[in-house]
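This report refers to the structure that appears directly beneath it.
The values are calculated or read from the model by the stated rules, or taken from the named source; none is laboratory data. Keep in mind that what you see is a predicted model, and the values were worked out from it rather than measured. Cβ atoms come from the backbone with ideal geometry, glycine included; neighbour counts cover every protein chain shown. Calculation scope for accessible area: heavy atoms of the full protein, side chains included, ligands and nucleic acids excluded. Shrake-Rupley method; radii C 1.70, N 1.55, O 1.52, S 1.80 Å.
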Amino acid sequence: MYLKHLSVSGFKSFAKKSELEFSAPITAIVGPNGSGKSNVAESFRFVLGEQSFKSMRGKKGEDLIWGGSHSTSRGNKASVSVTLDNTKRVFPMDFDEIAVERTVYRDGQNEYTINGSKVRLKDVQELLAAANIGPSGHHIISQGEADRILSATAKDRREMIEDALGLKVYQFKKQEAEKKLKKTNENIERVQSLRREVAPHLKFLERQVKKIERSIALKTELTTFYAEYLKREDTYIAHHSDRLKSEREVPAKRVAELQAELTEAKETLAAEAHDEKTDELLSLETKLTTVRQERQQVLRKSGQLEGQQTYVERRVKELKQQAQSESDAPVPIGDVRDLVAAIEKEVRSAEASDEPSKLKRALQGVVHTCGAFMKRLSKSTLVDTTKEENELADIEKQLVAAAKEVEALAKQETSLTAKYNDLKQAIEAEHAENREAERRVFELSGELRECENELQRIDAELRGLERDRDEFKRELQEAVSLLGREASQYFSFEIVDGGESVTTKAIVTEDRGKQRERRHELEKMKIRLEELGGVNEDIEKEYKEVKERDEFLVQEITDLEASVEKLEELIAELTTQLNERFVAGIDKIGVEFNRFFTLMFGGGEAKLVRAKPKVKQKKKDINEFGEEIEVDEEVEDEAAQEGIELDVKLPNKKVKGLDMLSGGERALTSIALIFAMSQVNPPLFIILDETDAALDEANSRRYGDMIEALAEKSQLILITHNRETMSRAGILYGVTMGADGVSKLLSVKFDEALAVAK
Ligand code: ATP
């Protein structure tokens, strides 16, 4: 016996702790209507983990707790504990006894313990499932519920039978696997969505990294290209620079020589041109000019003298005419008065003095004054032209001298002119000879010009090369800043063309256009490199991280898909096992059902039939008027699971089918099926709540017989009012309810039980 003990406390009408021992194979619980018997059956459901309040006649957890009465206050919690024997280790725990307890509080909280340790509901369910005990299983048939197996749909009936066959464990496993499968698929979706989320960023990074890779490749290409370009350029410039410099030496030297020679030739020419004759000619010219100027001067002077002579002569003439007119003029009276006044003044001053010397001086003064008066008077009447005549004589002398001088100078000029002309003729004869010297100067100048032109050409080329060199230096700097210091190692680079090393000769003789093309290409490469952007290590790092994460996600998806595959396999396997066991179980139950049925009814036939559910389907048909119409047709749903139909035939009755049975017949049929189910896979205990209510005496006896047969394999707890049933029980419990509404349990004897049951 596996069921040992039940303790109910605060559960429904059991306000106080009530205990039941199940020491016999059959225990009957008896009592009047409403005393709380069914509450005992429900307390079993409760402790075994039932989650449906409806099957415990409640709406919520609180409904299961003692609600209180006028004399007893309500409880805060309801708890039920069941003790099971595990000496045969039917439960997967290393204990001889297992006590499962469930408590519900008013706030709806539930607590489960196994042997005093708190556990989850799932742990309780798994533990009990191992011994084929479930909360709403076939082994607890509530009041009026026996009929449920008859009225249930084929699908629900299948579930009940599966439960009875102990296929719940497989169902659990299958459900678990399905749950896992669902979760795994959700996880796959989640991971895929994560991948989808990160995909654009990853793509962006991928593009960036590809760009960086292209940039690195281009840089490598550019390094090689640069090395070749720089080497060629340097080689070319150095070579041609040297060549031109040495080429320059010859004309440079020649120019110096020519310049010296030319200077010399010019000097010669100049010397020849400026000889003594020329100097003499020049001096003659100068003398001639001087003589001419002197003559002109003398002529001008003589002209002046002549003018002067004319003037003096006219003056003399004028003076003589004037003197002639003035000798007849009277003496002004005023002059005479002035003379008298002056004499008087002299005399008076002498009269005042006695000194002889003063008198003498006065007399001398009178004489002087008179003399002066006379002198002045005569002056104005006498003409003296001596001075003018002297002057004229002097002019005459000078004019004579000037004429002589002019003559001398004219002679001199004539002589000089003759000399000049002679000399000039002689000089012109000499000029013809000087042309040779000029030719030499001309020749030298020509050659010098050629040499200078050559030098200019070379210098122009050299300047071009200098510009190229400047450009080359700038390019080298740019290469170093772009590619690093190694760019300056271009000289060790080996230029290869067509598999062969390119010689210096080939480099320096190459058409310059080709190098310009290289330069052009170089520029294009630099632009491309700039467009690609630099190497961004952060991007590379981020790409690596995001890529790794994505790869991780891919791996996760692969793993999850592998789990999906395994789970699907497991589900398929479980489904197969379930089906196989179900089919085998149905066959066995079918046999037992028929046995119990014929036993109950003393004949007849009962069968379990597996059938797919029917579905309506549209079908084309022809109606009475010959028209095509659509009609509904019931066909088996091939995709659906098989359900279980009952096929019963009562003895001596023509009617077939469940619908034709009376209430008692239905009760017997359902009992037959429930018992049949219990026989194939006997549960540890069966609780039947008034399953026998509708039976008449004869059938009650048959029921009693079957119960005894059943009790051989399963422990029975029977809630009953039936005397026959009571008589088969080893232990009888009476349930009573007083005015306080509290259910009480007591162990009773058969006679007492009969009394209590009423
Ligand atoms: P019958 O023989 O008529 O089937 P029974 O003995 O099976 O009756 P039950 O249905 O088990 O009786 O008990 C019903 C009684 O339990 C009712 O009186 C009801 O008031 C009482 N009851 C149910 N829930 C509670 C609760 N939470 N608190 C107090 N009493 C409760």
Hz values of 3J(HN,Hα) by residue in the range 556-572 - Karplus curve (6.51, -1.76, 1.60), Gly and Pro given as x = 4, 4, 4, 4, 5, 5, 5, 5, 4, 4, 4, 5, 5, 4, 4, 4, 4
Among DSSP beta bridges lying fully in the chain, give the percent that are antiparallel, nearest 5.
-> 80
Determine the share of the range 121-179's accessible area contributed by carbon and sulfur atoms, expressed in whole percent, with a 1.4 angstrom probe.
-> 51
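Given a cut-off of under 8 Å on Cα pairs at least six residues apart, what relative contact order in percent is computed for the range 94-250? Provide the component values of the computation, followed by the final result.
Details: 56 pairs, mean separation 16.0, N = 157.
Rounded, it is 10 percent for the range 94-250.
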Going from most exposed to least, what order do Val340, Val480, Val100 have by accessible area with a 1.4 Å probe?
-> Val340, Val480, Val100
Exposure rank, largest accessible area first [Leu673, Leu269; 1.4 Å] = Leu269, Leu673
Around Val502, which amide H atoms from residues at least 5 apart in sequence, or from another chain, sit under 5 Å from its own amide H, with H modelled in the peptide plane?
-> Ile495, Val496, Asp497
For the chain, with the dipole built from +1 on Lys and Arg beta-carbon atoms and -1 on Asp and Glu ones, taken about the Cα centre, which of Leu392, Pro682, Ala403 lies farthest toward the positive end?
-> Pro682
Where the centre of each part is set by its Cα atoms, how far does the range 589-665 sit from the range 442-472, in angstrom?
-> 123
Which cross-chain or sequence-distant (5 or more) residues have an amide H under 5 Å from the amide H of Val119, H modelled 1.01 Å from N in plane?
-> Tyr112, Thr113, Ile114
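Taking only protein heavy atoms into account and a 1.4 Å probe, give the accessible area per residue of the range 264-457 in Å². Could you put the intermediate results ahead of the total?
Values: 14410 Å² over 194 residues.
About 74 Å² of surface per residue is accessible.
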Each residue of the range 291-301 in order: what ³J(HN,Hα) in whole Hz does its phi give by Karplus 6.51 cos²θ - 1.76 cosθ + 1.60, θ = phi - 60°, with x for Gly and Pro?
-> 4, 4, 4, 4, 4, 4, 4, 4, 4, 4, 5
Report, in degrees rounded to the nearest 10, the 0 to 90 angle that the Cα long axis of helix 356-379 makes with the longest principal axis of the chain.
-> 80
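Only Cα pairs under 8 Å and at least 6 apart count here; give the relative contact order of the chain as a rounded whole percent.
Details: 972 pairs, mean separation 195.0, N = 758.
Dividing the mean separation by the residue count of the chain yields 26 percent.
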Long-range amide H partners of Val615 with built H, under 5 Å | Val635, Glu636, Asp637
At what distance in angstrom do the alpha carbon centres of the range 344-409 and the range 1-58 lie from each other?
-> 199
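Leu599 to Asp459: extension gain in nm, 0.36 nm per residue of separation minus the Cα-Cα distance?
Extra length from Leu599 to Asp459 when fully extended: 36.8 nm.
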Please give the solvent-accessible surface of Thr153 in Å², to the nearest 10, using a probe radius of 1.4 Å with every protein chain present.
-> 80
Derived scalar couplings ³J(HN,Hα) [the range 342-351; Karplus, 6.51 cos²θ - 1.76 cosθ + 1.60; whole Hz; x for Gly, Pro] | 5, 5, 4, 4, 5, 4, 4, 5, 6, 4
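How do Val554, Val591, Val124 rank by accessible surface area computed with a 1.4 Å probe, from largest to smallest?
The ordering from most to least exposed comes out as Val591, Val554, Val124.
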Report the accessible area of Phe225, computed with a 1.4 Å probe over the heavy atoms of all protein chains in place, in Å² rounded to the nearest 10.
-> 50
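How much of the accessible area of the range 414-504, in percent, comes from carbon and sulfur atoms when a 1.4 Å probe is used? Walk me through the numbers before you get to the answer.
Details: 3060 of 6320 Å².
The nonpolar share, carbon plus sulfur, comes to 48 percent.
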Stokes-Einstein translational diffusion, the range 264-457 - Kirkwood Rh over all Cα pairs, 0.692 mPa s, 37 °C, in µm²/s | 127
In vacuum, with every alpha carbon of the chain counted as one equal point scatterer, what does the Debye formula give for log10 I(q)/I(0) at q = 0.06, 0.08 Å⁻¹? Two decimals, please.
-> -0.76, -0.92
Per the Kirkwood formula on distinct C-alpha pairs, the Rh of the range 462-606 is how many angstrom?
-> 24.8
Rounded to the nearest 10 Å², what accessible area does Tyr112 show when all protein chains are kept and the probe is 1.4 Å?
-> 20
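Can you give me the % of accessible surface on the range 342-407 that is carbon or sulfur? Probe 1.4 Å, all protein chains present, nothing else counted.
On the way: 2920 of 5030 Å².
Answer for the range 342-407 is 58 percent, counting heavy atoms of protein chains only.
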Quick one: Cα centre-to-centre distance for the range 257-303 and the range 502-546, in angstrom?
-> 77
Tilt of helix 154-164 relative to the longest C-alpha principal axis of the chain, in degrees (0 to 90, nearest 10)?
-> 80
